[in-house]
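First comes the structure, then the notes that go with it.
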Amino acid sequence: MLQLPIKDVITKIQSETGLSEAEIKQQVANKMQALDGLVSEDGAAYIVASELGVHLFKDTRSGAIKLNDIVAGMQSIEAVGQVIRAFSPTTFTGKDGKPKQVGSFILADETGEIRTVIWDQRASWLTDGRIKEGTIVKVKDAYAKQNNLGGKELHLGYKSSLILDPKNVNVTVAARAGVSKKKIAELQPNDFASVIGEVVQVFAPKFYPVCPQCGKKVTIDAAGAVCATHKSVTQQQAMILNFVLDDTTETLRCVAFRDKAGALAGLTAAEAQEILLKDGPDRLQERVDEFLFGKTIEVSGKVNRNEEYDRTELLVNQANVNPDPKVIAKELLNSGKA
Ligand SMILES: [Zn+2]
């Protein structure tokens, strides 16, 4: 189902038909009644729009489409998602003899994922760290086409916009098809894997200064914070959270940064720092324990070998602190625990 907030649907109908908001709402109410309450208010609004000949998604500037609803051939696509894989761009010589760059990343939302292709200046954002795993991306005026494998791809042309980390946008990412569910004991360095387990230890959050534009760690000199790409910046504090997961086959040290650390701690970096300053480290530890300790969670990401500590770690890319109980039950059965 295409999603558009009802107020946007009403605004759209208003602008295309000249009906008043009250008249449209009345029609929506009539439609709901006529259908014996079988449709939601949103659903009724879609039907009213359609009956009035209003094309809600023709001009997608009024709302983003879910990634799973994108089909090859669509134009003027607006979509929002999180980058779950970023690939290094390739440089080649264009027909005009000039060097060209093409790059791509996998964009995901709660409905699915799609390879997204970008060119030249934007492709360089994959190199300078502006687009990386975890970045929230909004695209406008993109188009979809079929790739060589029969799948769909999202393409950005020169008319398209690409907005990084848009304000007030939250993205939930579906469990990835490309990431295999694994037992902790099976993990190998460089795997991309998803693991379900119980949090058996949580360490106090730590903080480090980052660039507000690219999220990379900044160096602090006499004049202030300096980002390798963005030069002199006003630093922000980012959070790191370390914890240990146990799935009965083995325990696994997990490391989460930034928004993933926030989601797992149940606190933003700013909130955590405020508690730290006002109530001290013990209270902060308590708060994080209350939220995360003993929970069964699902995390996915890249498995790294930490030579310094001689252990395998998971660098958390996605975290779900409330996984579906059915999925948990299945995992437990597989491990022979239940
Ligand atoms: Zn920067």
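Treat each spin label as a single point 7 Å out from the Cα along the C-beta direction, and report the LYS66 to ALA34 distance in nm.
Distance between label points: 2.6 nm.
From the P(r) of the chain, can you give the percent of Cα pairs sitting at distances over 34 Å?
39
Sort 135-141, 304-310, 86-92 by the packing proxy (mean of other Cβ within 10 Å over each peptide's residues), most packed first. Walk me through the numbers before you get to the answer.
Working: 135-141: 19.0, 304-310: 10.1, 86-92: 13.0.
For the peptides 135-141, 304-310, 86-92, the packing ranking is 135-141, 86-92, 304-310.
Quote to one decimal, in nm, the extra length available between LYS216 and ASP165 on full extension: 0.36 nm per residue of separation minus the C-alpha distance between them.
Length gained, LYS216 through ASP165: 17.0 nm.
Which values, in whole Å and largest first, are the semi-axes of the equivalent ellipsoid of segment 180-334 obtained as the square root of 5 times each eigenvalue of the Cα gyration tensor?
Those come to 30, 19, 13 Å.
Assuming R0 = 35 Å, can you tell me the calculated FRET efficiency for the pair GLN188 and SER232, based on Cβ-Cβ distance, to the nearest 0.05?
Numbers: r = 42 Å, r/R0 = 1.20.
Rounded to the nearest 0.05, the efficiency is 0.25.
What is the percent carbon and sulfur in the accessible area of segment 64-164, measuring with a 1.4 Å probe over the protein chains and ignoring ligands?
That share works out to 49 percent.
Put +1 on the Cβ of each Lys and Arg and -1 on the Cβ of each Asp and Glu in segment 220-320; which of CYS227, THR249, ALA265 then has its Cα farthest toward the positive end of the dipole?
CYS227
What lysines does LYS159 reach when the alpha-carbon gap must be under 28 Å and sequence neighbours fewer than 8 apart in one chain are set aside?
Partners found: LYS7, LYS12, LYS58, LYS66, LYS95, LYS98, LYS100, LYS132, LYS138, LYS140, LYS145, LYS167.
Find the centroid of the Cα atoms in segment 184-205 and in segment 280-309, then give the distance between the two in whole Å.
10
Once phi is turned into θ = phi - 60°, what whole-Hz ³J(HN,Hα) does the Karplus curve with 6.51, -1.76 and 1.60 give for every residue of segment 110-119, x standing for Gly and Pro?
Here the 3J(HN,Hα) series is 6, 9, x, 9, 8, 6, 10, 10, 10, 10 Hz.
Could you order the peptides 282-289, 220-227 from most to least packed, using the average number of other C-beta atoms within 10 Å per residue?
282-289, 220-227
The values are calculated or read from the model by the stated rules, or taken from the named source; none is laboratory data. Predicted model, so just to flag it, every value in this text is computed and none were measured. Every residue, glycine as well, gets a Cβ built from its backbone with ideal geometry; the counts of neighbours run over all protein chains shown. We work out accessible area using only protein heavy atoms, side chains counted, and drop any ligands, DNA or RNA first. Shrake-Rupley method; radii C 1.70, N 1.55, O 1.52, S 1.80 Å.
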